[in-house]
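The values are calculated or read from the model by the stated rules, or taken from the named source; none is laboratory data. No experiment lies behind these values; they were computed from the predicted model shown. Note that we place each Cβ from the backbone using ideal geometry, even for glycine, and neighbour counts take in every protein chain shown. Areas reflect the complete protein model, heavy atoms only, side chains present, ligands, DNA and RNA absent. Shrake-Rupley method; radii C 1.70, N 1.55, O 1.52, S 1.80 Å.
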Amino acid sequence: RIHQQTGLGVLPVDLYVKNGEIQKVVMVQPKHTILARIEAEQDILKLATGLTIHANQILRDRFPVEVVSTGLPVMIIPLRSLTAVKEIQLKPLLIEELCAKYGAHGAMVFSLMTVQPTSAVHTRMFAPSIGIAEDPATGSASGALGAYLVRHRAVEVKPTTHITSEQGYELDRPSTIYIEVDSRGHEITEVRVGGETIIVLEGTLTF
């Protein structure tokens, strides 16, 4: 285990090495906090409009819309179907307004319906307020999502809950993110997020 400067600050990072090569990187994230719950009907309608979906596609009868942080506050939005997630055509200004109102840096939608049978959730992450229209793989938001899923028993919860999240499919950059959440009863004690990487682009800057 090393300590590495990340977008969430200096955090413990576990490196899994085989034959001298790094096979997997896992980041230990800060303790999760619930910062806000979005319940006002006008804000739910604005959120649906910003995602270009019908408001009844937001799965509020099972799970809340919440701002959760494991270092970076993110709005977690449960949707009823994989189709609803895929059909989103973001209206960034509306999402920026809601994120600003509730103190979130971005919005992550998820469905418990997935493309891959080995995945637990299918996600998309939008952060227009920090210059990211859509991210193909988001470690910080995935940690918050993992804590949310365990807290609300959206997945089968064990002392260490393993969650496989798929992201980036709508950008033709499919990613697999591995989330581990340690818990005792209803208390979440640690969240870890990791994955494997490949080079998708190389270049040289000449000055």
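Relative to the globular-protein estimate of 2.2 N^0.38 Å, the Cα radius of gyration of segment 68-120 stands at 1.27. With both labels modelled 7 Å from their Cα along Cα-to-Cβ, the residue 205 to residue 101 distance reads 3.8 nm. The count of lysine pairs in the chain that are at least 8 places apart or cross chains, and whose C-alpha atoms lie under 27 Å apart, stands at 8. Normalised per residue, the accessible area of segment 151-207 is 69 Å², obtained with a 1.4 Å probe and no contribution from ligands, DNA or RNA. Report summary: the helix-based calculation at 222 nm, which adds -39500 (n - 2.57) for every DSSP H run with n ≥ 4 and divides by the residues of the chain, gives -5500 deg cm²/dmol. Computing FRET efficiency as 1/(1 + (r/R0)^6) for residue 33 and residue 164, where r is the C-beta to C-beta distance and R0 is 25 Å, gives about 0.55. Quick check: at a probe of 1.4 Å, how many percent of the accessible area of the chain sits on carbon and sulfur atoms? Heavy-atom surface of the chain belonging to carbon and sulfur, 1.4 Å probe: 52 percent.
Accessible surface area normalised per residue over segment 38-116 is 42 Å², counting heavy atoms of protein chains with a 1.4 Å rolling probe.
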